[in-house]
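The values are calculated or read from the model by the stated rules, or taken from the named source; none is laboratory data. Everything quoted here is computed from the prediction, not taken from an experiment. Backbone-built Cβ (ideal geometry, glycine too); neighbour counts: all protein chains shown.
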Amino acid sequence: MKRALVVGFLAVFLFIGCESKPEEVKIAVNEWIGYAPLFYANEKGWLKKDNIRLIRTVSLGESVRLYESGFVNSLAATQYEYSKLKNSVYPVLLLDRSYGGDMILSNKSLKEIKQSKKILVYLEIDSVNYLLLKTFTRKYDINFKKFQFVNDDQQQITKEKFDLRKPILIVTYSPYDVCFYKKGFKVISSSKDNGLLIIDALFVAKNLKKSRFERLKFYIDKAVEIVKKNPKKVYETVRNYYPNYSYENFLFAIKKIKWVNHPSSRLLDLLKKDNFPVQGLIGEN
């Protein structure tokens, strides 16, 4: 009888244990420099403890497609991607604000670009890159009809053989920018000087509870502090995610973002005006 009771209790315990295991969170994330804290937390083994897995992508557009296909249930992305998915996702934590990390490069001067009749433009067209380009054209009164678009992900664009005799614009972001500097391109506009607010956040499916991400918020906060105090340690840990980056490149890139995992009230007000649901952010209610 005692043996039967022990077996029964064991069965109940195993059943409860299986039931209590949280659903796996699969986060689509590309190589944007502002996602370095996520990569660091992953490499340290923190995410595995909470059954969280990163799914690496080559672009924000691919992250959206993976979410729409049901392959992932979360994604690191900007407000632009959120605007496409807002009926099924909500933000749980902010990561960074682009402060020069999104940029437009060219092989010509701004004056030459304005005077050109035809301009080749390389970008991920279905992403925040497109908003950056529109802001640029409004600021400098450049006619969109001049543009001949080449829509591709950043990895493919870095492999392009450019005809530098033609005026070219490349809408890109860290860490891909270094590949273009080496080919003779220079920054002519960026998120630092054009006034466009670009925020990166973690967006999750509405069926996932906010409490599921509270420890992830703790991990991100911890990783950001380490980035600030010991960037060399973080670089050595995540360098495989940024194969084209030296430590100097890494330092240069993180200076072109602002960490907003603890957002100011001013930033929250700006996001509210942009119809961004800040009430869902962990620790900001």
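Brief remarks follow.
- Odd one out for Ala77 among (1) touching a strand residue (DSSP E or B) at 6+ places or on another chain (Cβ under 7 Å); (2) of a type in the set (A, V, I, L, M); (3) surrounded by fewer than 21 Cβ atoms within 10 Å (Cβ to Cβ): (3)
- Some residue of region 139-148 being of a type in the set (Val, Ile, Thr), touching a residue at least 60 places away in the same chain (Cβ under 8 Å) and on the phi < 0 side of the Ramachandran plot: no
- Residues satisfying the criterion are present in region 96-105 (criterion: modelled with pLDDT of 95 or more, surrounded by 14 or more Cβ atoms within 10 Å (Cβ to Cβ), among the charged types (D, E, K, R) and in contact with a Gly (Cβ under 9 Å, 6 or more places away or on another chain)).
- The combined condition, being outside the structural domain of Val64 (by TED's automatic domain parsing), of a type in the set (Asp, Glu) and farther than 26 Å from Tyr247 by Cα, is not fulfilled by Asp177.
- Taking region 81-94 as the range and being outside any loop (DSSP other than H, G, I, E, B) and either over 11 Å from the mean Cα position of the chain (by Cα) or surrounded by fewer than 23 Cβ atoms within 10 Å (Cβ to Cβ) (or both) as the test, the residues that pass are Tyr82, Ser83, Lys84, Leu85, Val89, Tyr90, Pro91, Val92, Leu93.
- Restricted to region 149-173, and to residues there that are of a type in the set (A, V, I, L, M) and closer than 10 Å to Tyr122 by Cα, the residue that is farthest from the chain's Cα centre (by Cα) is Ile168.
- For region 34-60, taking the residues that are within 19 Å of Thr172 (Cβ to Cβ) and not aliphatic (A, V, I, L, M), the one that is surrounded by the most Cβ atoms within 10 Å (Cβ to Cβ) is identified as Gly34.
- Out of Ile104, Ile157, sole residue that is touching a Phe, Trp or Tyr at 6+ places or on another chain (Cβ under 7 Å), part of a helix (DSSP H, G or I) and not aromatic (Phe, Trp, Tyr): Ile157
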